[in-house]
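This report refers to the structure that appears directly beneath it.
The values are calculated or read from the model by the stated rules, or taken from the named source; none is laboratory data. What you are looking at is a predicted structure, and each value in this text was computed from that prediction instead of being measured. Ideal geometry is used to build each Cβ from the backbone, glycine not excepted, and the neighbour counts take in all protein chains shown.
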Amino acid sequence: MDLLHMPLIGRFIRSRWYPGLFQYALLFFLALVLVWAFFGTVQASKNIATLVIWGLWWTLLPFAFLLFGRIWCGVCPLAKTGDLIQLCFRGNRRYPGAFLRRYGIWIMILLFVLLTWLDRISSFAGSPRATGILLLILLSGAVVIMFFYKRRTWCRYLCPIGGLSGIYSMASFTELRSQKEKCQNECGEKECMGGGDVPLSCPLFEHPPVMESNRNCNFCVNCLKSCQHDALSWRIRTPLKELSELRQRIPAEAFLALIMVILVYFQTISMSTLFPQYMKWFIEGSFIKNYHVAFTMTFGALLVAGFSFYGLATYVASRYSKEPLRQNFASFGYALIPLGLAGHLAHNMFHLIKEGKEAVQTILVESGILMGVVKASAIPSHEISGQAPFIRTVQIGIILVGILGSVIVLIRSNKLCGGNPHFKWGRIVPHLVLVAVIGVVFLHLFSLPMNLRHFH
């Protein structure tokens, strides 16, 4: 089903209002958020900046990736600021070099892991000032990189959120794709693949006529607007289609999928009521008396454990199939994306249900929109036990879907990757066992009682 054939959607997406309307609105709102972050109350539960960024935006982001791919990247105000810098300061900017093209995704992974660790150490969600500083750092990164490099080099190769959005978008329900027959037979101009001086060329250096993945499509629709042959479609698809049929499998992306599974587990277990007890036991029973050091050691140990388990599964599978370790790693690492995304959605579902309503109410009250109608004191306090059974049921349902999705991707990827039929099942059995183990761990994890983390 092509969504562009729906009159209202098609006209709006092709119009000059998209994505500019959202970009400038979000750019203005980003300025307000920064003002609230640095000049508003230091109480996170009453500061609009922390409520908007952590209570709404960060909570809803993986849901947006699942439904619409990297659509947020297309309207991101940080990237739009970089676009404006390039517009105001024209010059001969460089294309990203071999180092960025080869190692950019590893930098993304490192930055995302670092930000996750910093968040748990300094609690961005609990500090409006820290939230503002983080936004300024990301904004500065976008501005500096896009000042020296062409198009959206920051988004493609360095933005930590870009790496996350890239792998999650592969499991999206929608895709923007070209009709290859039209591109090959009717088009000689290739406006959508224009050089750096062509306004409607792809900002992420993609080639729409041959694009087969959502990983580097931010739905800016430049290609759609530049195409004179109506060769692009925005289609609804089955969410496992791309992960199952993907031919260009990159080890770094497979590694990022593993990282996300580990980080989702860590973020969730650290919210459980058991984690403070564990930290107390760790500090009292060891020579490490500094909480941050003990926390960092736990974080590092969990990363090492995750790498080791996946490495063991890959080693056993590659030994049995007689294929290179790197090839097996890249071929089947993508199967962790459905499970990692499911864990992320289940984690954020807790925040959405328990904190989302209060965040919206507080924003409306603190901004004065509901002044005199809803008093701050009337906003209900957190009561974890009330909705716990419903939340837990939803979370477990999401995890079960994620487990099934990972199993399906493993089986379909095994057929796609070819090789000796005698070894086909042998090379995925270790990965199936690993998915089953992770699934059981996640199911137990989301059955634990949780503490609220945002704004507290």
The residue from PHE266, PHE307, PHE299 that alone is of a type in the set (A, V, I, L, M, F, W, C), free of Cβ contacts under 8 Å to residues at least 60 places away in the same chain, assigned to a helix (DSSP H, G or I) and under 24 Å from VAL440 (Cβ atoms) is PHE307
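What about PRO62, is it touching a residue at least 40 places away in the same chain (Cβ under 8 Å) and assigned to a loop (DSSP other than H, G, I, E, B)?
Here the answer is no, as PRO62 does not meet what is asked.
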Quick check: anything in the range 88-96 touching a helix residue (DSSP H, G or I) at 6+ places or on another chain (Cβ under 6 Å) and part of a helix (DSSP H, G or I)?
no
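On the basis of being at pLDDT 50 or above, surrounded by fewer than 16 Cβ atoms within 10 Å (Cβ to Cβ) and not hydrophobic (A, V, I, L, M, F, W, C), does SER367 make the cut?
Against the criterion (at pLDDT 50 or above, surrounded by fewer than 16 Cβ atoms within 10 Å (Cβ to Cβ) and not hydrophobic (A, V, I, L, M, F, W, C)), SER367 qualifies.
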With criteria (1) outside any helix (DSSP H, G or I); (2) under 21 Å from SER169 (Cβ atoms), TRP106 comes up short on (1)
Quick check: anything in the range 34-41 under 23 Å from the mean Cα position of the chain (by Cα) and either within 13 Å of ILE363 (Cα to Cα) or not small (Gly, Ala, Ser) (or both)?
yes
Would it be correct to say that ILE137 is assigned to a helix (DSSP H, G or I), within 20 Å of PRO276 (Cβ to Cβ), more than 16 Å from the chain's Cα centre (by Cα) and not assigned by TED's automatic domain parsing to the domain that holds PHE266?
no
